[in-house]
Each structure stands twice: as structure tokens, then as C-alpha cells.
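Encoded as C-alpha cells, the structure appears first; notes follow it.
What follows draws every value from the coordinates through simple rules; no lab data is involved. Here the structure is a predicted model, which is why all the values come from computation and not from measurement. We place every Cβ from the backbone using ideal geometry, glycine too, and count neighbours over all the protein chains shown.
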Amino acid sequence: MNCPKCLGTFKTYTFENIKFERCDNCQGLWFDMLEKEDLIQIKGSESIDIGSDQVGLQYRDMRNIDCPVCNQRMVPMIDKDQFHIRYESCVNCYGTFFDAGEFRDLKELTILDRFTKMLKTLRTNF
């Protein structure tokens, strides 16, 4: 399977019995359906994102990419709690692709992110 952005080769790795793919070139991460959600819950899983933030930024704005599993056009997504995190998702097989550094960033809620989330919660409850 090839990376949808740099066309490097994905290699399969396992963290806490959950398999995921990492590009051997740009270090982007591919998660099959629900792998991302499972890994987010596991302490220390940000360590799987070994790629450089700078390399990730080079590929961040690349759009019109096809899913490496089913070849369908992927949809650009923005994390609901951290608007600066953008990734791609496949509406057919539900896989997701994160550029290098994005998954690590997703696991780290900043003070501003926590404050924004708290304000949303307060608005909904009152």
C-alpha cells in the first residue's frame, strides 16, 4: 500500500495490539476504521508519530488525494476540538490519514484548546 501524499510505501506497525501503517518516506500515518479512535484513548500512543512537523507541513495542504485502500477520493477534515488539525478521511472504508506530527498534536490539548472546549460545554449546558 502506498502513501496517498508522497507515494512512499506504508509499513505496518503495532502499538498495544492495534495495527497502523506509517509511510517510510514522509512518516504520515494511516489508520483503518476505528484504529485512530482506539489509539487516542491509549496513554503514550503519540509516540507512534515519529515524523517531523516540518515534513508534515509540506504535505498538509495537499488535496484531491485518493484513499490508499479503496482508491476513493478522500475528504479533508478538521478536528472538532482543535481546528488547526487537518487530516483526510475516506467516506467509503472510513480510513484516516494524518501527516507527520498531526496525530501527536491531536493527543496534546493545549491550554487554549481546553479553554475553547470548556466554553463550548458551558454554552451548551446553559
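Amide H contacts under 5 Å for residue 73: 67, restricted to partners 5 or more places along the chain or on a different chain, H placed in the peptide plane at 1.01 Å from N. Taking amide H atoms as placed 1.01 Å from N in the peptide plane, the amide H of residue 85 lies under 5 Å from those of 79, each 5 or more residues away in sequence or on another chain.
Against the main long axis of the alpha-carbon atoms of the chain, helix 111-125 sits at an angle near 60°. In the chain, the sites counted are trypsin sites (Lys or Arg not before Pro) in DSSP loop states with at most 15 other Cβ atoms within 10 Å, and the longest stretch holding none of them, exclusive of the sites, is 81-126. The structure-derived value of Cα Rg over 2.2 N^0.38 Å appears in the list [x] 1.07; [y] 1.15; [z] 1.49 under the label [x].
When 3, 26 are sorted by how many other C-beta atoms sit within 10 angstrom of their C-beta, beginning with the fewest, the order is 26, 3. What residue among 97, 20, 83 has the largest mean-square fluctuation in a Gaussian network model of the chain, using Cα springs under 10 Å? Highest fluctuation among the options: 83. Measuring nothing but how far apart in sequence close Cα pairs (under 8 Å, 6+ apart) lie, relative to its length, the chain scores a relative contact order of 24 percent.
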